[in-house]
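The values are calculated or read from the model by the stated rules, or taken from the named source; none is laboratory data. In this text, all values refer to a predicted model and were calculated from it rather than measured experimentally. Cβ sites come from the backbone with ideal geometry, for glycine too, and all protein chains shown count toward neighbours. Protein only, heavy atoms only, side chains kept; ligands, DNA and RNA dropped before computing areas. Shrake-Rupley method; radii C 1.70, N 1.55, O 1.52, S 1.80 Å.
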Amino acid sequence: MSTTESSVGIVSAQQALFDVPLDLACGKTLTSYQLTFETYGELNAARSNAILICHALSGHHHAAGRYQPDDKSPGWWDSMIGPGKPIDTRRFFVVALNNLGGCHGSTGPSSINPETGRPWGSAFPVVTVPDWVTAQARLADRLGIDRWAAVIGGSLGGMQALQWSINYPERVANAIVVAAAPKLSAQNIAFNDVARQAILTDPDFHGGDFYQNGAIPRRGLRLARMLGHITYLSDDGMGEKFGRMLRSGEYKFGYDVEFEIESYLRYQGDKFSDYFDANTYLLMTKALDYFDPAKDHGGDLVAALKQATANFLVASFTSDWRFSPLRSRELVQALIAADKRVAYGEIESTHGHDAFLMTDQPYVDLMRAYLDRVAKEVAA
Amino acid sequence: MSQHSDTTLRPDLQLIADWIPPRSRVLDLGCGDGALLAHLQCHKQVTGYGVEIDVGNIARCVAAGVNAVQGDLEAGLADFRDASFDHVILSQTIQAMQHTEEILLEMLRVGREAIVTFPNFGYWENRWQILQGHMPVSETIPYQWYDTPNIHWCMLGDFEALCAKNGIGVLERVVMNEGRRIRVLPNLRGSLAFYRVARRG
């Protein structure tokens, strides 16, 4: 198979500037901001076939296709989005964006604060999932999309899909929530805080204003990513891939890289610290920690979901211990108690939390079956 | 697009469908590919959910427009609240369950009425095969003894005794054989039993 077959092909990012102030949950206001996004496929005449893709912690707007023919890897969800794939770009108009606070073109801590002419750094306000959803709704307005055929996301992206269904019930026909949870557990918040501490205590962090010091808290980011990576994989999956394999075949009795898993994690950590912004990592993990749509309803998730009118698909993965199937089941129970239309699949996978990015056949089949249904709903 | 139409609904599922009043809230346990629920949604404006252990079947249900939730019935029905359904259906599955009594009680916790169907072990062909020295293999019991999922066989009287023990009343009973209703000597001539039950009082 050629690389362009079933691919959306060569894509480019677009920018949308917003001058209407955005009031954030933290009490601060962004007077203007920019969102970077990509689109794949064509919006139909009825404007009814649009799908929003929400990204996870370290994601962005580049979800499918390539920028250059020789790009080493395509967008982060290229396995799911494209002609003939479950999110079929021959049928759907797909929008993927970089959230506010991101570091891939949308306004975030590394952007220039127009009031000071310097990077926002520590002055960039904390953003939450509901803030993102509001910003995304404005982008939808800009694109002329009144109602999404589906809002889809995995992990933190799934939380955005869920929030959409609650905040804008009339604007979401279907919400697909994959490998997510209705709120984080204490253990999850704990992992996030260890990651944050790695960044916050890096001497190159400079209280978040490292940009003007010409420094990057690379060590902190690297540790944060290594820790995160461990929690996104499963013990079995890691065991299958790396086991106790040694790079040189024997113990060296030192602290350099000896085991293949060490090599892999350090490589991933280094790569990440080259392109990701430390402040964005802090913001995204905080958005995860704060996510709790039930909070505005006295902690009652069923009450929060009552106002949703979307059809739901919830999916989880057996080896995902970061957002275990039990967490998805909590959401499904609440959706059932709120009398919502919901389908739930628990996918057998060894890929851990990262399985939502993989192509386990039952997962692809389930997504395809659901999205076929969505396509039929919106067919003119 | 749907493969589930009147003509293809199995006779045993059709009988269950006939018992469900329009606009009921239905929970179909072990719903398979969702054929029954799809039919009920289409013809009787029924709402509800299916429960199914096989993820491939969840995808088939999704394709058929049926709300299906993956779950293992042996673990009970914790996803569902008390008295949240009109009818809870368990079709040809109770004989394969480890927790037979528990599932019956769970069905009547979440539902006002339960519909239970099972192969009748008392069917004469089964008895005849036993007399010949073999465990029965038939249309409704298509497994050899060494690879059968069925572990709790019963006849009409056994199921009724289990209901009585748990304060459950039989509202309606139908016995069929090869798609035809059997009225005379049902425990001998019927291969498939259908019960509509509810809590007494």
| request: Determine the residues within the stretch A:345-380 where the difference in accessible area between the chain on its own and the full set of protein chains amounts to at least 20 Å²; count protein heavy atoms only and use a 1.4 Å probe. | output: A:Glu346, A:Pro362, A:Leu366, A:Ala369, A:Arg373, A:Lys376
| What is the calculated FRET efficiency for B:Glu102 to A:Glu240, with r their C-beta to C-beta distance and R₀ = 51 Å, to the nearest 0.05? | 0.90
| Peptide ranges B:66-75, A:340-349 listed from the most packed, as the mean C-beta count within 10 angstrom indicates | A:340-349, B:66-75
| What would the Debye formula give as log10 I(q)/I(0) at q = 0.16, 0.18 Å⁻¹ for the alpha-carbon point model of the stretch A:189-260, no solvent? | -0.75, -0.84
| remark: Within the stretch A:188-259, DSSP-loop trypsin sites (Lys or Arg not before Pro) with at most 10 other C-beta atoms within 10 Å are A:Arg244
| field | B:Ala161/A:Thr359 FRET efficiency (R0 51 Å; Cβ-Cβ; nearest 0.05) | value | 0.50
| said: Along the charge dipole of the protein assembly as shown, pointing to its positive end and built from +1/-1 on Cβ of Lys, Arg, Asp and Glu, which listed residue (A:Ser349, B:Gly30, A:Ala180) has its Cα farthest out? | reply: B:Gly30
| query | In chain B, carbon and sulfur make up what percent of the accessible area (probe 1.4 Å)? | reply | 53 percent
| query | So what are the radius of gyration and Dmax for the Cα set of the stretch A:1-131, in Å? | reply | 16.5, 52
| field | 222 nm mean residue ellipticity, helices alone, for chain B (DSSP H n ≥ 4; -39,500 (n - 2.57); rounded to 500) | value | -8500 deg cm²/dmol
| Counting DSSP beta bridges in the protein assembly as shown, what percent are antiparallel, to the nearest 5? | 40 percent
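Exactly which trypsin sites (Lys or Arg not before Pro) in the stretch A:1-69 are in a DSSP loop and have at most 16 other Cβ atoms within 10 Å?
Those that pass, being in a loop and sparsely packed, are A:Lys28, A:Arg47.
Per residue of A:250-261, count partner chain C-beta atoms within 10 Å of its C-beta, then hand back the mean as an integer.
0
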| query | In nm, to one decimal, how far is the modelled label at A:Arg138 from the one at A:Ala16, with both set 7 Å along Cα→Cβ? | reply | 1.0 nm
| task | Report the one residue of B:Pro21, B:Phe80, A:Ile51 whose Cα lies farthest in the direction of the positive end of the charge dipole of the protein assembly as shown (charges on C-beta: Lys and Arg +1, Asp and Glu -1; origin at the Cα centre). | result | B:Pro21
| field | Gap separating the Cα centres of the stretch A:145-209 and the stretch A:210-287, nearest whole Å | value | 21 Å
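Per residue of chain A, what 222 nm ellipticity follows from adding -39500 (n - 2.57) for every DSSP H run with n ≥ 4, rounded to the nearest 500?
-11000 deg cm²/dmol
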| query | Using the reciprocal of the averaged 1/r over all distinct C-alpha pairs, how large is the Kirkwood radius of chain A in Å? | reply | 21.4 Å
| request: Just grab the label-to-label distance for B:Gln132 and A:Ser248, each label 7 Å out from Cα along the Cβ direction, in nm (one decimal). | output: 7.4 nm
| How much area per residue is accessible in the stretch A:175-260 when the probe is 1.4 Å and only protein heavy atoms are counted (Å²)? | 54 Å²
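Which value results for Rg/Rh of the stretch B:1-81 when Rg is the Cα radius of gyration and Rh the Kirkwood radius based on the inverse mean 1/r?
Here Rg/Rh amounts to 0.95.
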| request: Might you tell me the accessible area per residue for the stretch B:99-139, computed with a 1.4 Å probe and given in Å²? | output: 47 Å²
| query | Any idea how far the Cα center of the stretch A:298-366 sits from the one of the stretch B:106-124, in Å? | reply | 30 Å
| Protein chains only, probe 1.4 Å: how do A:Asp372, B:Asp158 rank by accessible area, largest first? | B:Asp158, A:Asp372
| field | Computed magnitude of the charge dipole of the protein assembly as shown (debye, nearest 20; Cβ of K, R +1, Cβ of D, E -1) | value | 1120 debye
| task | Could you sort out which of A:Lys28/A:Lys183; A:Lys28/A:Lys286; A:Lys85/A:Lys183 sit more than 19 Å apart by Cα distance in this structure? | result | A:Lys28/A:Lys183; A:Lys85/A:Lys183
| query | Which of the lysines could a cross-linker bridge to A:Lys271, judged by Cα under 21 Å and excluding same-chain residues fewer than eight apart? | reply | A:Lys72, A:Lys241
| Where GluC sites (Glu not before Pro) fall in DSSP loop in the stretch A:1-64, at most 14 other Cβ within 10 Å | A:Glu5, A:Glu42
| note | Across A:Ala63, A:Ala46, A:Ala180, the residue with the highest GNM fluctuation in chain A (Cα network, 10 Å cutoff) is A:Ala46
| What residues of the stretch B:50-91 lose no less than 40 Å² of accessible area with every protein chain in place versus their chain by itself (probe 1.4 Å, heavy atoms only)? | B:Val55, B:Ala59, B:Val62, B:Asn67, B:Val69, B:Gln70, B:Asp79, B:Arg81
| query | To the nearest 100 Å², how much accessible surface do chains A and B hide from each other in total, with a 1.4 Å probe? | reply | 1700 Å²
| field | Table column - 3J(HN,Hα) (Hz), the stretch A:242-249, Karplus curve with 6.51, -1.76, 1.60, x for Gly and Pro | value | 10, x, 10, 4, 9, 5, 9, x
| Fully extended contour minus Cα-Cα distance, from A:Glu115 to A:Leu200, at 0.36 nm per residue | 28.1 nm
| field | Hypothetical label at A:Ala190: residues of the stretch A:339-362 whose amide nitrogen lies under 20 Å (7 Å Cα-Cβ projection) | value | A:353
| said: To make sure I understand the rule: partners must be aspartates and glutamates, Cα under 17 Å from the Cα of A:Lys376, and not fewer than 8 residues away in the same chain. Which ones qualify? | reply: A:Glu42, A:Asp88, A:Asp365
| task | Could you tell me what percent of the accessible area of the stretch A:44-83 is made up of carbon and sulfur, with a 1.4 Å probe and every protein chain present? | result | 52 percent
| Total charge dipole magnitude, the stretch A:335-380, about the Cα centre, Cβ charges on Lys, Arg, Asp, Glu only, Debye to nearest 20 | 280 debye
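Give me a single rounded figure for A:330-339: the average over its residues of other chain Cβ atoms within 10 Å of their Cβ.
3
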| query | How large is the dipole of the stretch B:103-201 about the Cα centre if only Lys and Arg carry +1 and Asp and Glu carry -1, each at its Cβ, rounded to the nearest 20 debye? | reply | 480 debye
